[in-house]
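Asker: Dropping a structure here in structure tokens format, bear with me for questions.
What follows draws every value from the coordinates through simple rules; no lab data is involved. It should be emphasised that the depicted structure is a prediction, and the values quoted were computed from it without experimental measurement. Neighbour counts are summed over all protein chains in view; Cβ atoms, including those assigned to glycine, are modelled from backbone coordinates with ideal geometry.
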Amino acid sequence: MSKIQVFLVDDHKMIREGFKKYIEKSSEFDIVGEAQDGVDCLEQLKSLSPDVVVTDVNMPEMDGIELTTNLVNTYPEIKVIGLTMLDDHRHVKQLLSEGASGYLLKDCEEAELIGAIKTVYAGGTFYSPKVTSIIMDNIRKVKPRADKVVTEVKISKRETEVLHLILKEYSNQEIADTLFISLKTVDAHKRNLLDKTGSKNLAGLILYAIDAKLFDDI
């Protein structure tokens with residue numbers, strides 16, 4: 001089984017060394033490179049092919065948000081996890097809107113970092129509990145307003161139901177079980193939602209729903 005190739009980006013060497021120690025404890029990963037900022041990272045990626053880039057948000061030359069934009073556009077196969085001490089809504093929204101698959105705080109536990117890398121590598125999204133509380137605050141008990149969704153975004157009643165469950169953090173299997181549909185159908189509805197809202201990933205879809213106030217109590 002091939003190892004997950006990880007690239008670290010942070011302007012503080014001590015931070016990079018700390019996370020390298022976490023990651024290198026597992027035989028499932030290889031650290032293929034590290035950089036002090038976005039410019040350095042992009043230059044090295046001309047000759048490297050990491051699976052996951054873990055990047056700080058605040059850096060000189062090119063910050064993590066701009067780096068994420070470049071990676072998503074130039075290397076769409078690479079998954080990006082944002083890393084910062086700033087647990088505020090503005091940075092969360094900026095990073096995820098640009099297509100990052102995950103967001104962690106620098107004080108995260110070793111298991112959380114490892115879990116995040118594995119999850120995004122497998123095609124999922126991962127947010128630290130603190131970040132999740134920022135994004136998902138006040139939407140756990142939302143009630144769908146299908147009339148507004150259908151009118152403004154032109155999505156079907158079933159897609160509205162799927163979106164509602166996504167906002168409540170249901171897994172694909174839970175959505176399928178709740179709506180009595182297949183996993184394949186769930187995937188199809190998610191693809192349609194991404195296309196219709198112009199979102200790059202599920203994180204972007206969630207932010208779109210919140211910003212557009214498609215549901216009550218958001």
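Asker: Using Cα pairs closer than 8 Å and at least 6 residues apart in sequence, work out the relative contact order for the range 146-211, in percent.
Answerer: Reported as a whole number, the value is 28 percent.
Asker: Further question: Compute the separation of the alpha-carbon centres of the range 1-41 and the range 169-218 and state it in Å as a whole number.
Answerer: Here the two parts' Cα centres lie 32 Å apart.
Asker: I would also like to ask the following. Kirkwood hydrodynamic radius, computed over distinct alpha-carbon pairs, for the range 146-211: how many Å, to one decimal?
Answerer: By the Kirkwood definition, the hydrodynamic radius is 11.7 Å.
Asker: If the only charges are +1 at each Lys and Arg Cβ and -1 at each Asp and Glu Cβ, what is the size of the charge dipole of the range 4-136 around the Cα centre, to the nearest 20 debye?
Answerer: My answer is approximately 320 debye.
Asker: At a 10 Å Cβ-Cβ cut-off, how would you order TYR103, TYR75, fewest neighbours first?
Answerer: With the fewest neighbours first, TYR103, TYR75 line up as TYR75, TYR103.
Asker: So which of LYS118/LYS168; LYS46/LYS184; LYS46/LYS196; LYS93/LYS190 end up more than 27 Å apart, counting from Cα to Cα?
Answerer: LYS46/LYS184; LYS46/LYS196
Asker: Let me ask another. Can you give the charge dipole size of the range 17-72 about its Cα centre, rounded to the nearest 20 debye, using +1 on the beta carbon of Lys and Arg and -1 on the beta carbon of Asp and Glu?
Answerer: With Lys and Arg at +1 and Asp and Glu at -1, about 180 debye.
Asker: Around LYS190, what is the net charge, scoring Lys/Arg as +1 and Asp/Glu as -1 over all other residues with Cβ under 15 Å from its Cβ?
Answerer: 0
Asker: Pairs of Cα atoms under 8 Å, at least six residues apart: use those to get the relative contact order of the chain, whole percent.
Answerer: 15
Asker: Counting only other residues whose beta carbon sits under 13 Å from that of LYS118, what net charge do I get with K and R as +1, D and E as -1?
Answerer: With Lys, Arg at +1 and Asp, Glu at -1, the neighbours total -2.
Asker: Next question. For the chain, what value does the Rg/Rh ratio take when both radii are computed over Cα atoms and Rh is the Kirkwood radius, given to two decimals?
Answerer: 0.99
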